[in-house]
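Have a look at the structure below before the remarks.
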Amino acid sequence: MRRKHNIRVAGSILSHTVPLRVRFSEVDSMRVVWHGEYVRYFEDGREAFGEHYAGFSYPEIYASGYTTPIVELHVDYKLPLRIADRAIVETRYIPTEAAKICFEYTVRRAADNAVVATGTSTQVFVNEAGQLELTIPEFFRKWQQRWNVR
């Protein structure tokens, strides 16, 4: 399925939406999306976000000499999604002064715009030597300045 993207800048918070379709492999024996799939939906949102806000895709982060492991993840489940449902994942970058990346997510059922899940994630910067970076890497500082999200 080809994804359409809607990108917007809301004040100093960047937001990006990406549609998805629930596949058979994502539902459990109760015929609803298995709870762990929402983590994958958040990942889909982060990847699409990074691809559209130049300089922030995973390959670009790696090329800058860093990885960004998730150190905190939270999901609130509101309503179920079922096979063949269409949904929209909104990913919002949340600015912080710390050397970390924070996102908020809202997953909505496309048919009625109902919120089915919300969540947050926090990622940190790890350099090529495997050490945690305590200061904001230069490439990330430049990205923040480019998009005015400091």
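The values are calculated or read from the model by the stated rules, or taken from the named source; none is laboratory data. The structure displayed is predicted, hence computed values, not measured ones. With ideal geometry, Cβ positions are generated from the backbone for all residues, glycine too; neighbour counts draw on all protein chains shown.
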>> If F49 meets every condition in (1) over 11 Å from the mean Cα position of the chain (by Cα); (2) within 28 Å of A129 (Cα to Cα) apart from one, which number is that one?
In response: (1)
> Does L81 count as modelled with pLDDT of 95 or more, assigned to a strand (DSSP E or B) and not hydroxyl-bearing (S, T, Y)?
Replying inline: no
> Would you pick out the residues in segment 10-64 that are loosely packed, with under 13 Cβ neighbours inside 10 Å and of a type in the set (D, E)?
Replying inline: D28
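Okay, residues lined up against (1) more than 17 Å from A48 (Cβ to Cβ); (2) at pLDDT below 95; (3) basic (K, R); (4) loosely packed, with under 15 Cβ neighbours inside 10 Å:
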{"residue": "D85", "(1), (2), (3), (4)": "yes, no, no, no"}
{"residue": "I88", "(1), (2), (3), (4)": "no, no, no, no"}
{"residue": "E138", "(1), (2), (3), (4)": "yes, no, no, yes"}
{"residue": "N148", "(1), (2), (3), (4)": "yes, yes, no, yes"}
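Please indicate, with yes or no, whether at least one residue in segment 87-101 is farther than 22 Å from N148 by Cα, part of a strand (DSSP E or B), without any contact (Cβ under 8 Å) to a residue 60 or more places away in the chain and not aromatic (F, W, Y). Can you show your working first?
First, pick out the residues of segment 87-101 that are farther than 22 Å from N148 by Cα: 87-89.
From what's left, part of a strand (DSSP E or B): 87-89.
Subsequent filtering for residues that are without any contact (Cβ under 8 Å) to a residue 60 or more places away in the chain retains none.
Looking for residues that are farther than 22 Å from N148 by Cα, part of a strand (DSSP E or B), without any contact (Cβ under 8 Å) to a residue 60 or more places away in the chain and not aromatic (F, W, Y), one finds none in segment 87-101, hence no.
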> Of the conditions (1) among the charged types (D, E, K, R); (2) under 20 Å from F125 (Cβ atoms); (3) in contact (Cβ under 8 Å) with a residue 24 or more places away in the chain, R21 fails just one. Which one is it?
Replying inline: (2)
> If you go through segment 69-77 one residue at a time, do you hit one that is assigned to a helix (DSSP H, G or I) and in contact (Cβ under 8 Å) with a residue 12 or more places away in the chain?
Replying inline: no
> Can you name every residue in segment 94-123 that is farther than 17 Å from V32 by Cβ, among the acidic types (D, E) and more than 11 Å from the chain's Cα centre (by Cα)?
Replying inline: E97
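Each row is one residue, and each column tells you yes or no for (1) modelled with pLDDT of 95 or more; (2) in a helix (DSSP H, G or I); (3) out of contact with any Ser or Thr (no Cβ under 7 Å at 6 or more places or on another chain).
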{"site": "K4", "(1), (2), (3)": "no, no, yes"}
{"site": "R8", "(1), (2), (3)": "no, no, no"}
{"site": "P19", "(1), (2), (3)": "yes, no, yes"}
{"site": "R31", "(1), (2), (3)": "no, no, yes"}
{"site": "Y38", "(1), (2), (3)": "yes, yes, yes"}
{"site": "F42", "(1), (2), (3)": "yes, yes, no"}
